[in-house]
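To start, the structure under review is shown below, and the notes come after it.
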Amino acid sequence: MKVLLIGIQGAGKSTQGNFLSEKLNLPYLSTGHIFRELSKDKSVDGRFIKETINAGFLVPDELTIRVVNEYLQRPEYRNGYILDGFPRTIQQAKSFHEKLDKAFYLKVSDKEALWRLAGRDEYREDETLKAIKKRIDLFHEVTEPILDFYRQVGILVEVDGEKTISEVSENIYSHLN
Ligand code: AMP
């Protein structure tokens, strides 16, 4: 099974993604996580990625697609995966030829997401208020159009992400049989 989670930062993608990964026994792949790891590299690419993610901008499509394809060729992804954070532009969605089973849109308001993020204890270098706001703006501008793309393909499921964690999980599982 190949599942995609879509939503703004703070929508609960990684919480739900990790649950799903355990429940379905499939690997969880977050491009944000991959890029944060790559940003630790002292190479030119590493520094470029670090600046990009810390500013809340998107990594260019070509580089993103290359990185994701490299990961997905690994044997552990052969039986499926839970994708978080990719595709997030129309260009990425169109050049991604893996057949996804479901795309879940975890819908929360910007206000709720900002509220949740403000309450997080852990510090992350790419989580300044400015970067978070930029990411939310970019979501509406360049990621929202892919909702229609997956709606037309017939795999989009909209989930009310403002419900409790377990209600959201139940809702997601109910669409996976
Ligand atoms: P996330 O943890 O998903 O919010 O991702 C953190 C940062 O990684 C984003 O703000 C982007 O800079 C970068 N990133 C993650 N996924 C993608 C993607 N699919 N395309 C471009 N940039 C991405």
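Given the conditions (1) outside any helix (DSSP H, G or I); (2) touching a residue at least 60 places away in the same chain (Cβ under 8 Å), which single one is not true for residue 59?
If we test residue 59 against (1) outside any helix (DSSP H, G or I); (2) touching a residue at least 60 places away in the same chain (Cβ under 8 Å), just (2) comes out false.
Do we have residue 114 as exposed (fewer than 15 other Cβ atoms within 10 Å of the Cβ), under 18 Å from residue 57 (Cα atoms), in contact with a helix residue (DSSP H, G or I) (Cβ under 9 Å, 6 or more places away or on another chain) and not small (Gly, Ala, Ser) here?
Values: exposed (fewer than 15 other Cβ atoms within 10 Å of the Cβ): no; under 18 Å from residue 57 (Cα atoms): yes; in contact with a helix residue (DSSP H, G or I) (Cβ under 9 Å, 6 or more places away or on another chain): yes; not small (Gly, Ala, Ser): yes.
Answer is no for this residue.
If a residue has to be within 11 Å of the ligand (Cβ to nearest atom), part of a helix (DSSP H, G or I) and either in contact with a Lys or Arg (Cβ under 8 Å, 6 or more places away or on another chain) or not charged (D, E, K, R) (or both) to count, how many in the stretch 37-47 make the cut?
Selection size over the stretch 37-47: 1.
Condition check: within 11 Å of the ligand (Cβ to nearest atom) and among the hydrophobic types (A, V, I, L, M, F, W, C). Does residue 131 satisfy that?
Spelling it out, residue 131 is indeed within 11 Å of the ligand (Cβ to nearest atom) and among the hydrophobic types (A, V, I, L, M, F, W, C).
Hey, could you check the stretch 8-36 for residues that are touching a residue at least 60 places away in the same chain (Cβ under 8 Å) and on the phi > 0 side of the Ramachandran plot and say which is farthest from the ligand (Cβ to nearest atom)?
For the stretch 8-36, the residue satisfying everything is 12.
Tally time: how many residues in the stretch 48-66 are acidic (Asp, Glu) and more than 10 Å from the ligand (Cβ to nearest atom)?
1
Go through the stretch 58-93 and report how many residues are in contact with a Gly (Cβ under 7 Å, 6 or more places away or on another chain) and either surrounded by fewer than 15 Cβ atoms within 10 Å (Cβ to Cβ) or at positive phi (or both).
1
Computed from the coordinates by the stated procedures, all read-outs in this text should not be read as laboratory data. The shown structure was predicted, so the numbers you read here are calculated from the model rather than taken from an experiment. Neighbour counts are summed over all protein chains in view; Cβ atoms, including those assigned to glycine, are modelled from backbone coordinates with ideal geometry.
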